[in-house]
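Peer 1: Have a look at this one before I ask anything.
The values are calculated or read from the model by the stated rules, or taken from the named source; none is laboratory data. Treat the numbers as computed from the prediction; the structure is a model and nothing was measured. Glycine gets a Cβ as well: all are built from the backbone with ideal geometry, and neighbour counts include every protein chain shown. Ligands, DNA and RNA are stripped out before the accessible areas are found, and what is left, the full protein with its side chains, is counted by its heavy atoms. Shrake-Rupley method; radii C 1.70, N 1.55, O 1.52, S 1.80 Å.
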Amino acid sequence: MFAKAFRVKSNTAIKGSDRRKLRADVTTAFPTLGTDQVSELVPGKEELNIVKLYAHKGDAVTVYVSGGNPILFELEKNLYPTVYTLWSYPDLLPTFTTWPLVLEKLVGGADLMLPGLVMPPAGLPQVQKGDLCAISLVGNRAPVAIGVAAMSTAEMLTSGLKGRGFSVLHTYQDHLWRSGNKSSPPSIAPLALDSADLSEEKGSVQMDSTLQGDMRHMTLEGEEENGEVHQAREDKSLSEAPEDTSTRGLNQDSTDSKTLQEQMDELLQQCFLHALKCRVKKADLPLLTSTFLGSHMFSCCPEGRQLDIKKSSYKKQMQQEQIIQVKELSKGVESIVAVDWKHPRITSFVIPEPSPTSQTIQEGSREQPYHPPDIKPLYCVPASMTLLFQESGHKKGSFLEGSEVRTIVINYAKKNDLVDADNKNLVRLDPILCDCILEKNEQHTVMKLPWDSLLTRCLEKLQPAYQVTLPGQEPIVKKGRICPIDITLAQRASNKKVTVVRNLEAYGLDPYSVAAILQQRCQASTTVNPAPGAKDSLQVQIQGNQVHHLGWLLLEEYQLPRKHIQGLEKALKPGKKK
């Protein structure tokens, strides 16, 4: 419902009578809340506003805002909590769990399909068709969406978990969430299970708490520990795939013969060897270990899985096998300084077949691979040059390509017999050409110009413009020159460096998605804020000097031309601290 921007009709402070009515409505709608909790949610004296708005499809919605955050919204006389409220009361609604990869699709406006559900050891919550439910991600009970059940729990099980499960109304990262303080979900541990439940659920991806502190975390791509913005790169099969698809995370069928630790080790080694064999070259050394992880290993991870190796000892293991040599070139900064590319582990490694849906961005149920926009320089006819172009049917404000300008000028010269009879490389200047391309001090001194000089001067006198064509969209034409993606380093009050990137939207990139990817690859916190001095534009801020990771993402994965990116020279050099 809030996947796209909404239009605000009014924003007023709540009256005392409306406040009391709201409390009564909350008590009726959510009977599990106690009196004290209702008073916390709808405070008696603190500021509380009523915002009336129209969603992008025209639905009239009433939103209740407290402390700057939307806490409840009302649609067709039904009251719904926002994710901000559910983070304070995570047990307010029956909660179903899905994979982190599914979230981006939900944020885009898609409903949750039953194959995307994770079956907990205790079974699915019991609900009836039309019941309001919360949706959380594996490993964190903090809800990230709310929706209405499309069928009862019994019907879900009878269907074999196929079909549409929930009509999603509101999600973390949608426009309703963005109207608040844009905080990230808190980290809320899953409910504890007894030992019998754990032993019966051999295929479960939930890890025993004694293992979580000392083993490598291999969860679905996009899941996070610290509640920061997450990556949600998904493929079409996420919400509609059968139970045994690889997007279910760790291979559940093999858990009878292999422990979870062994599965994690295999995936880590696969990505490690894949990166060394295909992505790293001798010229890249010395290579920061953080860069190797973020720019190379992560991109080799199979779709639907994630590497989170903060607590991993993979570097020591690979050094012990003498595959790589790691040195601390400066205090606290480790780099790979040597690789044995003739090592049997590398030479015998077979590159896995790529997923046909890798690097696919989803919008609703439509599959749409990301492609860089087609950016074409144009020229706009100013008032001072209309006489030159009017014969060809163009007027002030017309947009032309460079080749069109060349053709028009050549045809004008030939039609008006301006080509010098003695030297075909020269063009005589008539009064119109003189007024259009000559400076005032040249009006009586320059009588002829070579073809290349004539065309160059003509292009210089035209106003710059450009055309941007994003995949699946109509071309956008604007005057001026397109602003490049701008990467800068800034020093914050805490004396820590941050990387800031702006102008992503002009190239069809969602700042929130870019922030999610960078947070995972850089293992650093990210925030998305309005860009200072720019209307309707956002900037992404990443802790530390992450220019190298950002450059790899923009140049190698998104295939954006280098000429449209400025600030890449600020990348951290090997041996220097962030």
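Peer 1: Looking at region 9-25, which of its residues are within 34 Å of the chain's Cα centre (by Cα) and surrounded by 11 or more Cβ atoms within 10 Å (Cβ to Cβ)?
Peer 2: Of the residues in region 9-25, the ones within 34 Å of the chain's Cα centre (by Cα) are 9-12.
Listed by number, the residues that qualify are Lys9, Asn11.
Peer 1: Across region 485-522, what is the number of residues that are hydrophobic (A, V, I, L, M, F, W, C) and assigned to a strand (DSSP E or B)? Show your work before the answer.
Peer 2: The initial filter retains those residues of region 485-522 that are hydrophobic (A, V, I, L, M, F, W, C), namely 485, 487, 489-490, 493, 498, 500-501, 504, 506, 509, 514-518, 522.
Okay, now just the ones that are also assigned to a strand (DSSP E or B), so 485, 487, 489-490, 498, 500-501.
Number satisfying all stated conditions: 7.
Peer 1: Could you count how many residues in region 413-434 are more than 20 Å from Lys461 (Cα to Cα) and either modelled with pLDDT of 95 or more or open to solvent by 20 Å² or more (accessible area, probe 1.4 Å) (or both)?
Peer 2: Summing the residues that are more than 20 Å from Lys461 (Cα to Cα) and either modelled with pLDDT of 95 or more or open to solvent by 20 Å² or more (accessible area, probe 1.4 Å) (or both) in region 413-434 gives 10.
Peer 1: Would you pick out the residues in region 516-536 that are open to solvent by less than 20 Å² (accessible area, probe 1.4 Å) and in contact (Cβ under 8 Å) with a residue 24 or more places away in the chain? Break it down into steps so the answer makes sense when it comes.
Peer 2: So in region 516-536, the residues open to solvent by less than 20 Å² (accessible area, probe 1.4 Å) come out as 516-522, 524, 526, 528, 531.
Correct list: Ala516, Ile517, Leu518, Gln519, Gln520, Arg521, Cys522, Thr526, Val528, Ala531.
Peer 1: Any chance you could count how many residues in region 67-105 are under 13 Å from Pro143 (Cα atoms) and not acidic (Asp, Glu)? Walk me through how you get there before you give the answer.
Peer 2: Start the filter on region 67-105 by keeping residues that are under 13 Å from Pro143 (Cα atoms), which leaves 81-100, 103.
Going one step further and asking which of them are not acidic (Asp, Glu), we end up with 81-90, 92-100, 103.
Of the residues in that region, 20 qualify.
Peer 1: Here's another thing I want to ask about it. In the set Leu157, Leu106, Leu101, which member is open to solvent by 30 Å² or more (accessible area, probe 1.4 Å), of a type outside the set (Val, Ile, Thr), part of a helix (DSSP H, G or I) and out of contact with any Pro (no Cβ under 7 Å at 6 or more places or on another chain)?
Peer 2: Of Leu157, Leu106, Leu101, the one residue that is open to solvent by 30 Å² or more (accessible area, probe 1.4 Å), of a type outside the set (Val, Ile, Thr), part of a helix (DSSP H, G or I) and out of contact with any Pro (no Cβ under 7 Å at 6 or more places or on another chain) is Leu157.
Peer 1: Right, another one. Does Lys21 meet the test of being among the basic types (Lys, Arg) and either in contact with a helix residue (DSSP H, G or I) (Cβ under 7 Å, 6 or more places away or on another chain) or at pLDDT 90 or above (or both)? Spell out how you get there, then give the answer.
Peer 2: Working: among the basic types (Lys, Arg): yes; either in contact with a helix residue (DSSP H, G or I) (Cβ under 7 Å, 6 or more places away or on another chain) or at pLDDT 90 or above (or both): yes.
Yes, satisfied.
Peer 1: Take Gln306 and decide whether it is outside any helix (DSSP H, G or I) and at pLDDT below 75. If you could, list the steps in order and put the result at the bottom.
Peer 2: Numbers: outside any helix (DSSP H, G or I): yes; at pLDDT below 75: yes.
For Gln306, the condition - outside any helix (DSSP H, G or I) and at pLDDT below 75 - is met.
Peer 1: Any idea how many residues of region 162-189 are in contact with a Pro (Cβ under 8 Å, 6 or more places away or on another chain), open to solvent by less than 10 Å² (accessible area, probe 1.4 Å) and under 20 Å from Lys129 (Cα atoms)?
Peer 2: 0
Peer 1: Can you name the residue in region 76-114 that is small (Gly, Ala, Ser) and over 20 Å from Lys129 (Cα atoms) and, of all such residues, is farthest from the chain's Cα centre (by Cα)? Walk me through how you get there before you give the answer.
Peer 2: Initially, region 76-114 is screened for residues small (Gly, Ala, Ser), giving 88, 108-110.
Now drop any that are not over 20 Å from Lys129 (Cα atoms), which leaves 88, 108-109.
Working: Ser88: 26, Gly108: 11, Gly109: 15 Å.
So, considering only residues that are small (Gly, Ala, Ser) and over 20 Å from Lys129 (Cα atoms), the one farthest from the chain's Cα centre (by Cα) is Ser88.
Peer 1: Six or more apart or on different chains, Cβ under 6 Å: which pairs go from a residue in region 26-54 that's open to solvent by 70 Å² or more (accessible area, probe 1.4 Å) to one that's hydroxyl-bearing (Ser, Thr, Tyr) and at pLDDT below 90? Could you list them?
Peer 2: Lys52/Ser10
Peer 1: Can you name every residue in region 465-475 that is touching a Phe, Trp or Tyr at 6+ places or on another chain (Cβ under 9 Å) and open to solvent by 30 Å² or more (accessible area, probe 1.4 Å)? Spell out the reasoning first.
Peer 2: Taking region 465-475 and keeping what is touching a Phe, Trp or Tyr at 6+ places or on another chain (Cβ under 9 Å), we get 465, 467-468, 470-471.
Those that are touching a Phe, Trp or Tyr at 6+ places or on another chain (Cβ under 9 Å) and open to solvent by 30 Å² or more (accessible area, probe 1.4 Å): Gln467, Pro471.
Peer 1: As an exercise: evaluate Val63 against (1) open to solvent by less than 50 Å² (accessible area, probe 1.4 Å); (2) out of contact with any Pro (no Cβ under 6 Å at 6 or more places or on another chain) and give the number of the one condition it does not meet.
Peer 2: (2)
Peer 1: For the subset of region 399-412 comprising residues that are over 14 Å from Arg457 (Cα atoms) and in contact (Cβ under 8 Å) with a residue 24 or more places away in the chain, which member is most open to solvent (accessible area, probe 1.4 Å)?
Peer 2: Looking at residues that are over 14 Å from Arg457 (Cα atoms) and in contact (Cβ under 8 Å) with a residue 24 or more places away in the chain, I get Phe399.
Peer 1: What's the total number of residues in region 385-398 that are in contact (Cβ under 8 Å) with a residue 40 or more places away in the chain and open to solvent by 80 Å² or more (accessible area, probe 1.4 Å)? Steps first, answer last, please.
Peer 2: Applying the first criterion (in contact (Cβ under 8 Å) with a residue 40 or more places away in the chain) to region 385-398 yields 385, 387-388.
Restricting the remaining residues to those that are open to solvent by 80 Å² or more (accessible area, probe 1.4 Å) gives 387.
Number satisfying all stated conditions: 1.
Peer 1: Here is a follow-up. Being farther than 17 Å from Ala110 by Cα and either small (Gly, Ala, Ser) or under 21 Å from the mean Cα position of the chain (by Cα) (or both) is the filter here, so list the residues in region 137-179 that pass it.
Peer 2: Once the filter is applied, which keeps residues that are farther than 17 Å from Ala110 by Cα and either small (Gly, Ala, Ser) or under 21 Å from the mean Cα position of the chain (by Cα) (or both), region 137-179 yields Val138, Gly139, Asn140, Ala142, Ser152, Ala154, Ser159, Gly160, Arg178, Ser179.
Peer 1: So which residues in region 74-97 are at pLDDT 90 or above, surrounded by fewer than 22 Cβ atoms within 10 Å (Cβ to Cβ) and assigned to a loop (DSSP other than H, G, I, E, B), if there are any at all?
Peer 2: Tyr89, Pro90, Asp91, Leu92, Pro94
Peer 1: Then there's this: Find the strands (runs of 3 or more DSSP E) located wholly in region 360-469 whose residues include 2 or more that are not aliphatic (A, V, I, L, M), and list them. Walk me through how you get there before you give the answer.
Peer 2: Numbers: elements: 360-363, 366-369, 374-380, 426-428, 448-450, 463-469.
Ranges flagged: 360-363, 366-369, 374-380, 448-450, 463-469.
Peer 1: Turning to a different aspect of this structure: Working carefully through the options Leu462, Leu509, find the one that is open to solvent by less than 20 Å² (accessible area, probe 1.4 Å), at pLDDT 85 or above and under 30 Å from Cys434 (Cβ atoms).
Peer 2: Details: Leu509 fails: under 30 Å from Cys434 (Cβ atoms).
Exactly one residue qualifies, and that residue is Leu462.
Peer 1: Sticking with this structure for a sec: Would you check which residues across region 325-354 are surrounded by 14 or more Cβ atoms within 10 Å (Cβ to Cβ), assigned to a loop (DSSP other than H, G, I, E, B) and either of a type in the set (D, E, K, R) or touching a residue at least 60 places away in the same chain (Cβ under 8 Å) (or both) and list them?
Peer 2: Result: Asp340, Phe349.
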